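Visitor: This is the structure I want to talk about, given as structure tokens.
Every number here is computed from the coordinates shown, using simple stated rules; none is lab data. For clarity, every value in this text was computed on a predicted model and none was experimentally measured. So basically every Cβ, Gly included, is an ideal-geometry build from the backbone, and we count neighbours across all protein chains shown.
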Amino acid sequence: MIHISETLVLQTVEEFLTDDDLARLLKIMDTEQAATGWRPRFQAEVIPAPDAAREILQAATVRALPAIRRSIPSAAGAVKWAYTELGPGDRIETHLDGIPHPARPPRRIGRIGVVVQAAEAGGEFYVETTSSPGVWSGREVGEGEGYLAGTPLTHVLEHAPDRADLHETTPEWLAGAARSRWTSHAGPGVAVAYGAQVIHGVTPVRSGRLRKFVANLCDTP
């Protein structure tokens, strides 16, 4: 059974990617972007990772699973690796992905992200904690959905491929909650795993370009 604590955890995996992995991933994305001309149309836009990149990231996830499962024991693997990048002035507004379909396998327990190129300044990942009841939806799930009985669910604000407006502003139910921020300085190659019900975002990039991959951590691979 998935425990509430797994959806609220923060865990890092140092050396998730080797130097060779980083070089190969950057080369893959440089080639992909040169061929397609893709550049983000809006903040927080993500695109599916190319097959070659996904193979490297999946292999890294398998290596890292023992460490990830110390804090997220229900995690069986990463699903839907995607790529995103931020340039000067871009940020990922404070948000909370949530668990939109708690009974539908594969069940999303958390997310995992790894930077392959850090911004020169800014672009730090952060999480926020709060005791405010406003982030919770009032809905609970239990054994029928694969969770410990009485597991509460937050509101949901997912990324969507064609919704530029979703992360331009913080939703009212979240903006009204008093929050404490914890900023990460995890560098390239360090994976940051966090529960699906963790409030998070990325600070504005002041210079350079931030390039990273993200995926869902699920109970089935």
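Visitor: Are there any strands (runs of 3 or more DSSP E) wholly within the stretch 1-98 with 2 or more residues that are surrounded by fewer than 18 Cβ atoms within 10 Å (Cβ to Cβ), and if so which?
Guide: Of the strands (runs of 3 or more DSSP E) lying wholly inside the stretch 1-98, those with at least 2 residues that are surrounded by fewer than 18 Cβ atoms within 10 Å (Cβ to Cβ) span 10-13, 77-86.
Visitor: Do any residues in the stretch 20-44 that are in contact (Cβ under 8 Å) with a residue 60 or more places away in the chain and closer than 23 Å to Thr203 by Cα have Cβ atoms under 7 Å from those of residues that are β-branched (Val, Ile, Thr) and surrounded by 12 or more Cβ atoms within 10 Å (Cβ to Cβ), where the two are at least six apart or on different chains, and which pairs are they?
Guide: Qualifying pairs under 7 Å: Leu22/Val116; Leu26/Val116; Gln43/Ile92; Ala44/Thr84; Ala44/Ile92.
Visitor: Just one of (1) within 21 Å of the chain's Cα centre (by Cα); (2) of a type in the set (Ser, Thr, Tyr); (3) over 17 Å from Lys80 (Cβ atoms) trips up Thr61, so point out which.
Guide: (3)
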